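The values are calculated or read from the model by the stated rules, or taken from the named source; none is laboratory data. Every value quoted in this text rests on a predicted model; they were computed, and no experiment measured them. Quick reminder, even Gly has a Cβ in these numbers, built from the backbone with ideal geometry, and neighbours come from all protein chains shown.
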Amino acid sequence: MDGLSKALDIVNPLASLRAVKVDYTPPPRPPVFCPGCPHTASFYELKVATAKSGVKPVFSGDIGCYSLGINNPFNEQDLLTDMGSSLGLGMGLYHGTNGRTMVISIIGDSTFFHAGLPALVNAVYNKTPMLILILDNRVTAMTGGQPNPTSMINIEDIAKAVGVDYVRTIDPFDVKNAQETMIEAMNVVRKGGVAVVVMKRGGCALEATRLFRGGYVTRYYVDPDACKACGICYNLVACPAIVPLENRKAWIDPNMCVGCSVCAQVCPYNAIKPEGNVRDWLKKWAEM
Ligand code: SF4
Ligand code: SF4
């Protein structure tokens, strides 16, 4: 900046700013999804569904917030190159291995419209058995929440129109249904079909809380007497709002929880409970 200011003969606007040393070491934390991100639910459900199906797929990933699915505990991105590549690469992988690979391609809504759609048409045309999971949070979240064609064009209609064998839209916050739908879709792929499952929420978690701030957000808390410290919520759902305490019981940070309800559905001991009207909040979020 100094050099630029000199060349332009102007005063460096940052000259008065100096680095401030703070005596604080942030806790080590891998990159994670935002609290209540619908993609967290989708990756959790995919993990359970593949385990229950007994399949060992190759996950062909893509670029977006959901690239974070490459991290623990999900590890559900084996390939990750550029925007919209997951379908085409997945297809190539299937044919390149002479059909020995079960492929699950993961793509977002804006990346689908950016470059995934031509590959979907080719997957149908080339009769490529694969499961395509489209994570539809209605915006291009990674770059700031810009709108994209999802608000005008229904992805399910497109998939049906191009001849996809199995097409379903499911709410990622409906954990049991989402898992069952994914398992059904994998069975279609096993039989040689192309399956598309659209994981659709009304909006990204950041958008939802921004729009309804102060009004509808419902939070969840852990009942310490009911919690058995099994660790399922903080180890497998891995929402950053859920923290293990020293006694391994879970605690939910009320400043971070946005009330997606996923951890409550997953807890086998019903130890995670809502504060406020969950149904209204989730409905509002679904319809935004
Ligand atoms: S409800 Fe649970 S999973 Fe959802 S944001 Fe709150 S703590 Fe995280
Ligand atoms: S899943 Fe339920 S019982 Fe297990 S640690 Fe979390 S809150 Fe406690």
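Return a yes/no flag: does segment 66-76 have any residue that is of a type outside the set (Asp, Glu), touching a Lys or Arg at 6+ places or on another chain (Cβ under 8 Å) and not assigned by TED's automatic domain parsing to the domain that holds GLN265.
The answer is yes; a qualifying residue exists.
Could you list, in sequence order, all residues of segment 9-56 that are in a loop (DSSP other than H, G, I, E, B), surrounded by 14 or more Cβ atoms within 10 Å (Cβ to Cβ) and within 19 Å of the chain's Cα centre (by Cα)?
Passing the criteria: VAL32, PHE33, CYS34, PRO35, GLY36, CYS37.
Is it fair to say ALA115 is farther than 22 Å from PHE173 by Cβ, within 20 Å of the chain's Cα centre (by Cα) and touching a residue at least 24 places away in the same chain (Cβ under 8 Å)?
yes
Only one of THR25, THR40 is without any contact (Cβ under 8 Å) to a residue 12 or more places away in the chain and farther than 21 Å from GLY163 by Cβ. Can you tell me which?
THR25
Hey, any hits in segment 236-247 for a residue that's touching a Ser or Thr at 6+ places or on another chain (Cβ under 7 Å), more than 16 Å from ligand 2 (Cβ to nearest atom) and in a loop (DSSP other than H, G, I, E, B)?
No, segment 236-247 has no match at all.
Can you find even one residue in segment 201-222 that is within 30 Å of TYR125 (Cα to Cα) and crowded, with 22+ Cβ neighbours inside 10 Å?
Yes, some residue in segment 201-222 is within 30 Å of TYR125 (Cα to Cα) and crowded, with 22+ Cβ neighbours inside 10 Å.
Check MET288 against each of (1) of a type outside the set (D, E, K, R); (2) buried (at least 18 other Cβ atoms within 10 Å of the Cβ); (3) away from ligand 1 (no atom under 13 Å from the Cβ) and name the one condition it does not meet.
With respect to (1) of a type outside the set (D, E, K, R); (2) buried (at least 18 other Cβ atoms within 10 Å of the Cβ); (3) away from ligand 1 (no atom under 13 Å from the Cβ), MET288 is out only on (2).
Consider ARG279 against the criteria (1) part of a helix (DSSP H, G or I); (2) of a type in the set (D, E, K, R); (3) at pLDDT 95 or above: it satisfies all of them except one. Which criterion is unmet?
For ARG279, the failing item is (3).
Could you tell me which of the residues CYS267, CYS239 is within 8 Å of ligand 1 (Cβ to nearest atom) and out of contact with any strand residue (DSSP E or B) (no Cβ under 6 Å at 6 or more places or on another chain)?
One residue alone meets the criteria, CYS239.
Select from segment 167-192 the residues that are among the small types (Gly, Ala, Ser) and either buried (at least 18 other Cβ atoms within 10 Å of the Cβ) or under 15 Å from the mean Cα position of the chain (by Cα) (or both) and list them in ascending order.
If the condition is that a residue be among the small types (Gly, Ala, Ser) and either buried (at least 18 other Cβ atoms within 10 Å of the Cβ) or under 15 Å from the mean Cα position of the chain (by Cα) (or both), then ALA178, ALA185 are the ones that fit.
Output yes when any residue across segment 127-143 is at positive phi and within 17 Å of the chain's Cα centre (by Cα), and no when none is.
yes
Looking at VAL164, VAL217, VAL258, which one is assigned to a loop (DSSP other than H, G, I, E, B), within 11 Å of ligand 1 (Cβ to nearest atom) and over 17 Å from the mean Cα position of the chain (by Cα)?
Answer to the check: VAL217.
Any residue in segment 241-253 that's outside the structural domain of ARG219 (by TED's automatic domain parsing): show its pairings with residues that are more than 11 Å from ligand 2 (Cβ to nearest atom) at Cβ separation under 6 Å, as long as the two are six or more apart or on different chains.
Once the first residue is outside the structural domain of ARG219 (by TED's automatic domain parsing) and sits in segment 241-253, no partner that is more than 11 Å from ligand 2 (Cβ to nearest atom) comes close enough.
Between a first residue in segment 156-180 that is in the same structural domain as ALA51 (by TED's automatic domain parsing) and under 25 Å from CYS37 (Cα atoms) and a second residue that is basic (Lys, Arg) and part of a loop (DSSP other than H, G, I, E, B), which pairs have beta carbons less than 9 Å apart while being 6 or more apart in sequence or on different chains?
Here the result reads ASP171/ARG201; PRO172/ARG201; PHE173/ARG201, each pair linking segment 156-180 to a residue that is basic (Lys, Arg) and part of a loop (DSSP other than H, G, I, E, B).
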